1. Magnitude of the Cβ-charge dipole of the chain, K/R +1 and D/E -1, about the Cα centre, nearest 20 debye?
2. Which FRET efficiency, nearest 0.05, do residue 58 and residue 87 yield, Cβ-Cβ r, R0 22 Å?
3. Using only alpha carbon pairs under 8 Å that are at least six residues apart, calculate the relative contact order of the chain and give it in whole percent.
4. Residue-wise, which Karplus ³J(HN,Hα) couplings in Hz belong to the range 44-58, taking 6.51 cos²θ - 1.76 cosθ + 1.60, θ = phi - 60°, and x for glycine or proline?
5. Using a 7 Å offset from the Cα along the Cα-to-Cβ direction at both residue 65 and residue 96, what is the distance between the two label points in nm, to one decimal?
6. How about the range 1-93: which GluC sites (Glu not before Pro) there lie in a loop by DSSP and see at most 11 other Cβ atoms within 10 Å?
7. Please give the contour-minus-distance gain from residue 29 to residue 74: 0.36 nm per residue of separation, less the Cα-Cα distance, rounded to one decimal in nm.
8. Can you give me the convex hull volume of the Cα atoms of the range 1-105, divided per residue and expressed in Å³?
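Every number in this text was worked out from the coordinates using simple rules, so none of it is lab data. Predicted, not measured: the structure shown is a model, and the values here were computed from it. Please note: Cβ atoms are built from the backbone with ideal geometry, for glycine as well, and neighbour counts cover all protein chains shown.
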Amino acid sequence: MPGENPGLDLTMLSALAEPNRMHIVELLRGGPLTVGEIADRLGLRQPQASKHLKVLGASGIVEVKAEANRRFYKLRSEPFQALDGWVKTFRNVMEDRFDTLEDYLRGLQQTEK
């Protein structure tokens, strides 16, 4: 499909569309947390937080690391790098359009002189 970014996974965008999952991602920006810590900070029950973490894990956004009897969830950088690359393609298009507009306005100013 034209303009498709093979590094961008739509399941990631779908996972992030749910507000609680977005809040979990925002929390994890500060570093790894356990499901209990996430649940407490968001005012969720632990099974709810676990369900959201399962979706985030399945979409590749988070990974889990076991330490002793605790499981820590942390963000993976790769999905966000892919998202950043995708957003940059739009930024480049917009910059090109602004450059074209700037050239057009300069041409108008030259014509008026």
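1. Magnitude of the dipole: close to 680 debye.
2. Working: r = 23 Å, r/R0 = 1.04.
According to the calculation, E is roughly 0.45.
3. 27 percent
4. 9, 7, 4, x, 5, 4, 4, 4, 5, 5, 5, 5, 5, x, 5
5. 4.1 nm
6. Values: sites: 4, 26, 37, 63, 67; in loops: 4.
Counting only loop positions with at most 11 other Cβ atoms within 10 Å, the GluC sites (Glu not before Pro) in the range 1-93 are 4.
7. Taking 0.36 nm per residue and subtracting the Cα distance, the gain is 15.4 nm.
8. 125 Å³
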